[in-house]
Amino acid sequence: MKITGKPEELATQLFKLDKDKLYEIKEYKKLRGSQANRYFHKLVNELARYNRGIGHAISDDEMKININLAYGTIATSNDGTVLGAKVPKGTNLEVFYPYSKWYKEEENCDCYIFYKRTSELNSKEFWQLIKGVEKECQMVGIEILEEREFRLMMEEYERNCKYEIKNS
């Protein structure tokens, strides 16, 4: 069962639920559309291919991680605390979590900040990520969508989200 609405709307629905069951309430976040997702991966892969063509050994996945660390969203807990880790100096944290970025050293330890995985981004955060990869592509001459096409793609995404919510 999924209930979506503003607090007042939810309150009336809560009293109708089985009192012996445990429920979870979380903030609704819009999902992104598959067209935007395909566009993002197309640009990331073209950028990786360009870099390989000029002699840099980088995979598509490594490029995706680099773009996410440059333009993505810092991961936070439910209370807004920035997520990260303090690990022994020299630990390869990418083995445990690929979207981690070193930010300082403290007493023989390295401190890292975590970024959200791309699949966890809401539409606003994903828009920011796409704009970042577009900027990188433009700098090396890779063609991107025109502003109008991009806007239409994001409007289609919004319509898809509303349809999915309505029919779930």
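The values are calculated or read from the model by the stated rules, or taken from the named source; none is laboratory data. No experiment lies behind these values; they were computed from the predicted model shown. As a convention, Cβ positions derive from the backbone with ideal geometry for all residues, glycine included, and neighbour counts pool all protein chains shown. Surface accessibility is based on the protein's heavy atoms, side chains included, excluding ligands, DNA and RNA. Shrake-Rupley method; radii C 1.70, N 1.55, O 1.52, S 1.80 Å.
Over the chain, dividing the summed -39,500 (n - 2.57) contributions of all DSSP H runs of at least 4 residues by the number of residues returns a 222 nm mean residue ellipticity of -15000 deg cm²/dmol. Placing +1 on the Cβ of every Lys and Arg and -1 on the Cβ of every Asp and Glu, with no other charges, gives the chain a dipole of roughly 400 debye about its Cα centre. Computed from the Cβ-Cβ distance with R0 of 22 Å, the FRET efficiency linking Ala11 to Asn78 stands at 0.60.
Angle of helix 60-71 to the longest C-alpha principal axis of the chain, folded into 0 to 90 degrees and rounded to 10: 70°.
When Tyr103, Tyr39 are compared by accessible area at a 1.4 angstrom probe, the order from most to least is Tyr103, Tyr39. Between Asn92, Asn51, Asn37, the GNM of the chain built on Cα springs shorter than 10 angstrom shows Asn92 fluctuating the most. Using R0 = 30 Å, the C-beta based FRET efficiency linking Glu62 and Asn108 works out to 0.60. Helix 34-53 and the longest principal axis of the Cα set of the chain meet at an angle near 10°. Given axes a ≥ b ≥ c from the Cα gyration tensor, I'd like to know whether the range 43-88 is rounded (a/c under 1.5), prolate (a/b larger than b/c) or oblate. Prolate, since a/c reaches 1.5 and a/b exceeds b/c. Taking all Cα pairs closer than 8 Å and separated by 6 or more residues, the relative contact order of the chain comes to 27 percent. Of Lys124, Lys135, the residue with the largest accessible area leads and the full order is Lys124, Lys135 (1.4 Å probe).
Normalising by residue count, the chain has a Cα convex hull of 162 Å³ per residue.
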